[in-house]
Amino acid sequence: MTDSKTNQGNFFEDFRIGQVIRHSTPRTVTAGDQALYTALYGSRFAVQSSDEFARAVGYARAPLDDLLVFHVVFGKTVPDISLNAVANLGYAEGQFLKPVYPGDTLSATSEVIGLKENSNKKTGTVYVRSTGFNQAGEPVLSYVRWVMVRKRDEAAPAPKAQVPELAPAVSPDVLGAGCPKIAGKLWDDALAGSAHRFKDYEVGERIDHVDGMTVEEAEHMLATRLYQNTAKVHFNQFSEAKGRFGRRLIYGGHVISLARALSFNGLGNVFHVAGINGGRHVAPLFAGGTVFAWSEIIAAADVPAQSDVGALRIRTRATRDLPCGDFPEKDATAEEPGVILDFDYWALIPR
Amino acid sequence: MTDSKTNQGNFFEDFRIGQVIRHSTPRTVTAGDQALYTALYGSRFAVQSSDEFARAVGYARAPLDDLLVFHVVFGKTVPDISLNAVANLGYAEGQFLKPVYPGDTLSATSEVIGLKENSNKKTGTVYVRSTGFNQAGEPVLSYVRWVMVRKRDEAAPAPKAQVPELAPAVSPDVLGAGCPKIAGKLWDDALAGSAHRFKDYEVGERIDHVDGMTVEEAEHMLATRLYQNTAKVHFNQFSEAKGRFGRRLIYGGHVISLARALSFNGLGNVFHVAGINGGRHVAPLFAGGTVFAWSEIIAAADVPAQSDVGALRIRTRATRDLPCGDFPEKDATAEEPGVILDFDYWALIPR
Amino acid sequence: MTDSKTNQGNFFEDFRIGQVIRHSTPRTVTAGDQALYTALYGSRFAVQSSDEFARAVGYARAPLDDLLVFHVVFGKTVPDISLNAVANLGYAEGQFLKPVYPGDTLSATSEVIGLKENSNKKTGTVYVRSTGFNQAGEPVLSYVRWVMVRKRDEAAPAPKAQVPELAPAVSPDVLGAGCPKIAGKLWDDALAGSAHRFKDYEVGERIDHVDGMTVEEAEHMLATRLYQNTAKVHFNQFSEAKGRFGRRLIYGGHVISLARALSFNGLGNVFHVAGINGGRHVAPLFAGGTVFAWSEIIAAADVPAQSDVGALRIRTRATRDLPCGDFPEKDATAEEPGVILDFDYWALIPR
């Protein structure tokens, strides 16, 4: 009943180690995309909000939000990597390598770096390293993700299991490439909205980001289409009504962006996501749910070649329908409130 | 109770054959509009998505989506042509005459080319040829539509019926003007997301576009306002609650754009809508409905002055709440799932 | 339980007369913001819609909608002025001082010009004059608003009450600075969508703007985040469910923009909001409500240094779920339909 001209996506047995996939639909990102990003999340970081502020500290102009770049690159990989995915299991070794400005054109490739069939023979885990490029062919973002993908045919032979060794965290030595040399002296705390610099944060410190944001169906679908992400579960209520949850699932990356935007309240000078150490979507979000977030500072480091900024390693949990005043750690389920995202990243902040 | 300064719209007896109406609200279309278009439909055609891809094949940069141009021009005609319409009956003789780029300013005129009172004396059909222009005064789009319009006064005398002879289809001889000369050799199938070129499609071939997209109230209203389309039935739940369907009707053009975006899955290299042969909104769409689509290739033709592309004549049906694996032809009703749009267009694809 | 790094906002006792607050998050406004503004309200005023039309009458290009500028500046003041507000009580002495174009960067300051504790000792009224600046440091907008703000501590001593004397209306002598010299002869009524010029409006005239617009949760949240307005009551259904109304409140400025967009039908040539004499949000709007509007011309004046335009002083009422054919004046309550906004402004129109 399906037509050979339509994309069925790859199944587990279609991947092989070392395979490099060039993803389709290059995308020129514009001030229009950034405006939508602001409307979707209400992000208030000064560098991404103001050309003037960005120029004052060293950028050519306001760069696109780092996570907007992430979502656009991620979106390109979906038709090839995760159209038949059961679950998005994790991220690692993410690095933002170059600022992306309005007018740049993003494209993406993925290399298959790991494959492991599950014992039920119905699914397997696929590990890919995805890289986003600008129009000059320069890498702007690289990250590993792994997804559980269905097999087309349970009887299909599986390749020998090969699981990549992934760094538990991005080394601070490679951070700082994704932004120009920042002139800390020209950083204006009042305009940035926070008096707190690198030295003001302590390892072990926990911050409740206080505010909550309720998500509507129209919002997450607008976001996910903006990223040209084609994962079916986000869009089709007709089929999801008969599915496991009875409703559309919200793209996990939408939660990452909501948590990052909420984190402005407490982390206002943390201007640049530099690395993604790890991340798990531990429970689903549905429309009508309200997202809260809290963060813990889990490390602090110098950044080579950036004398005016330091790096904070931040672990942010986002919750569904659970304020974070007492820093909750219990995972949500589809029914019960709790943590839905556990995200571990490096970010830069002026000294 | 109504005020003379407000626009009551034209009624059937206000139109006369040969009348040319200059529509109000010229509109500069921008990268912001294109970003919203992407967020509303998730369209993935490479030419409209990437300046780099567009330049490589011959465009000055990524042009606006053809249907975004259509909707903006259509929107301008609403306050003069269809504010008192009962139904939008059909389209014909649509031609896209020139690419429209971000920064261009669109304006529109309509000429009344046919009038026919209905036997009930309450309504009549108005045929107009509408033309969209860019800031240089060059026509970018021309199409005929006919609508059933209420009479202000049943006793008003009707003009002699005059129904225009409309071509059953746009001649392929005039296609290809709406895009630059395409360099087929520089077309990158992997980036475009499809391996299928002109020769790979056969007349009679049917393609299920597989995916479904559920529409929310906020989405269709954002779209319809973006087009500055003022038709009341899309926006006012207070009055529609007392109306025939009890709820807001979704702008038919929203369905055309959804169907075109869904058609990427199967028609990924079909980069340019060149002509509209006909189109009917056969049943309404309401918020909460899920749109699916399938297409049939009904003709293929050479395009004079474009050696590297061919034209496919495509008949696309969009359905409400009905997957298209078995190519359904039954019209929906307000209650029952089925076909809601029957759209016949010419589109270009590289050889 | 709260963290010292998060913004708790200022309480009544934190303000002092003469205090000047520089607000955070400068914002480069772009064609993307204007596209979203069009999608949110469907505004059709030709000057803001078309670069060509705007240039013909004297602008450098299409300026941003005046109220978009207002909302962005207003949004910046929220974290410092009204995070702990109980109610937004009024506006006065608003002046639009310079056109804002896509690419300009807006920042804002507020000066505290009045303080008055309420007799219950729990709250007090704070009067601020807020000013928005462009990247050259030129003021583009100035207005006074007053809000009722909670005290952190009822026992905190209150400053001596000081209530500013506010002009009942902006003097027409200062209008006209916020736009270039308009070439009235080059104003094209057909393109603008109205045949009515300055002389066609009479003091005392009432105009029903006819159309109604229903508002969805996704829409007002997209708008309010676009303005980087952080007032909690608009976004957090989890906490609002337990609040006074059981649901999210819609930002009052959203209603102002809806009313202004609806007013095109009757005031199509009224191209520029030049001054805000006063404004009150007399009742709340919730998602699902339908907004209607009517206006009364309450004064007309010459504009020094603008020979081709005149100023109309317009009082616009917006209603919830109440058509305005008989010009309703009764305030809505949370439950009953009626007037929700009473807005008194000066606007320019060609002679």
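Would you confirm whether or not region C:15-26 contains a residue that is assigned to a helix (DSSP H, G or I), in contact with a strand residue (DSSP E or B) (Cβ under 6 Å, 6 or more places away or on another chain) and either at pLDDT below 95 or under 30 Å from residue C:260 (Cβ atoms) (or both)?
No, the conditions are met nowhere in region C:15-26.
Scan region B:28-52 for residues that are away from chain C (no Cβ under 14 Å) and either out of contact with any Gly (no Cβ under 8 Å at 6 or more places or on another chain) or of a type in the set (Val, Ile, Thr) (or both) and report the count.
Qualifying residue count, region B:28-52: 7.
List every residue pair whose Cβ atoms lie under 7 Å apart, where the two residues are 6 or more positions apart in sequence or sit on different chains, the first residue falls within region B:123-143 and is farther than 30 Å from residue B:154 by Cα, and the second residue, located anywhere, is aliphatic (A, V, I, L, M) and assigned to a loop (DSSP other than H, G, I, E, B).
B:134/B:100; B:139/B:97; B:140/B:97; B:140/B:100; B:141/B:97; B:142/B:97
Within the set of pairs 6 or more residues apart or between chains, which connect a residue that is closer than 15 Å to residue B:190 by Cβ and more than 10 Å from every other protein chain (Cβ to nearest Cβ) inside region A:94-112 to a residue that is assigned to a loop (DSSP other than H, G, I, E, B) and of a type outside the set (Ser, Thr, Tyr) with Cβ atoms less than 6 Å apart?
A:108/A:23
So that you can scan it fast, the table gives a plain yes or no per residue for (1) on the phi < 0 side of the Ramachandran plot; (2) not acidic (Asp, Glu):
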position: C:50; (1), (2): yes, yes
position: C:56; (1), (2): yes, yes
position: C:75; (1), (2): yes, yes
position: C:86; (1), (2): yes, yes
position: C:93; (1), (2): no, no
position: C:97; (1), (2): yes, yes
position: C:103; (1), (2): no, yes
position: C:117; (1), (2): yes, no
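Which one of the conditions (1) away from chain B (no Cβ under 11 Å); (2) not in a helix (DSSP H, G or I) does residue C:257 fail to meet, given that it meets all the rest?
Condition not satisfied by residue C:257: (2).
Among the listed residues C:326, C:321, C:331, which satisfies the condition of being at pLDDT 95 or above, out of contact with any Leu (no Cβ under 7 Å at 6 or more places or on another chain) and more than 13 Å from chain B (Cβ to nearest Cβ)?
Every option except C:331 fails the conditions.
Can you tell me which condition residue A:160 does not meet? The list is (1) within 14 Å of chain C (Cβ to nearest Cβ); (2) of a type in the set (Lys, Arg); (3) assigned to a loop (DSSP other than H, G, I, E, B), and all the others hold.
Unmet condition: (1).
Looking for something within 13 Å of chain A (Cβ to nearest Cβ) and hydroxyl-bearing (Ser, Thr, Tyr) - is there at least one such residue anywhere in region B:283-294?
So far as region B:283-294 goes, yes, one or more of its residues are within 13 Å of chain A (Cβ to nearest Cβ) and hydroxyl-bearing (Ser, Thr, Tyr).
Report, ordered by the first and then the second residue, all pairs with beta carbons closer than 7 Å, sequence separation of six or more or different chains, a first member in region A:321-334 that is closer than 13 Å to residue A:213 by Cβ, and a second member that is of a type in the set (Val, Ile, Thr).
A:321/A:290
Would it be correct to say that residue B:160 is free of Cβ contacts under 8 Å to residues at least 60 places away in the same chain and out of contact with any strand residue (DSSP E or B) (no Cβ under 6 Å at 6 or more places or on another chain)?
Judged against the criteria, residue B:160 is a match.
Looking at region C:176-190, which of the residues that are within 14 Å of chain B (Cβ to nearest Cβ) and assigned to a loop (DSSP other than H, G, I, E, B) is farthest from residue C:308 (Cα to Cα)?
C:188
Among what's in region C:75-93 and is in contact with a Gly (Cβ under 7 Å, 6 or more places away or on another chain) and either more than 14 Å from chain A (Cβ to nearest Cβ) or farther than 16 Å from residue C:149 by Cβ (or both), pick the residue that is surrounded by the most Cβ atoms within 10 Å (Cβ to Cβ).
Step by step, filter region C:75-93, then rank; the result is C:91.
Looking at region A:218-247, which of the residues that are aromatic (Phe, Trp, Tyr) and facing another protein chain (nearest Cβ under 8 Å) is nearest to residue B:43 (Cα to Cα)?
Filtering first and then ranking leaves A:235.
Looking at region B:310-351, which of its residues are assigned to a strand (DSSP E or B) and among the hydrophobic types (A, V, I, L, M, F, W, C)?
Passing the criteria: B:311, B:312, B:314, B:318, B:339, B:340, B:341, B:343, B:346, B:347, B:348, B:349.
The values are calculated or read from the model by the stated rules, or taken from the named source; none is laboratory data. Every value quoted in this text rests on a predicted model; they were computed, and no experiment measured them. Methodologically, a virtual Cβ is constructed for each residue, glycine included, from the backbone with ideal geometry; neighbour enumeration extends over all protein chains shown.
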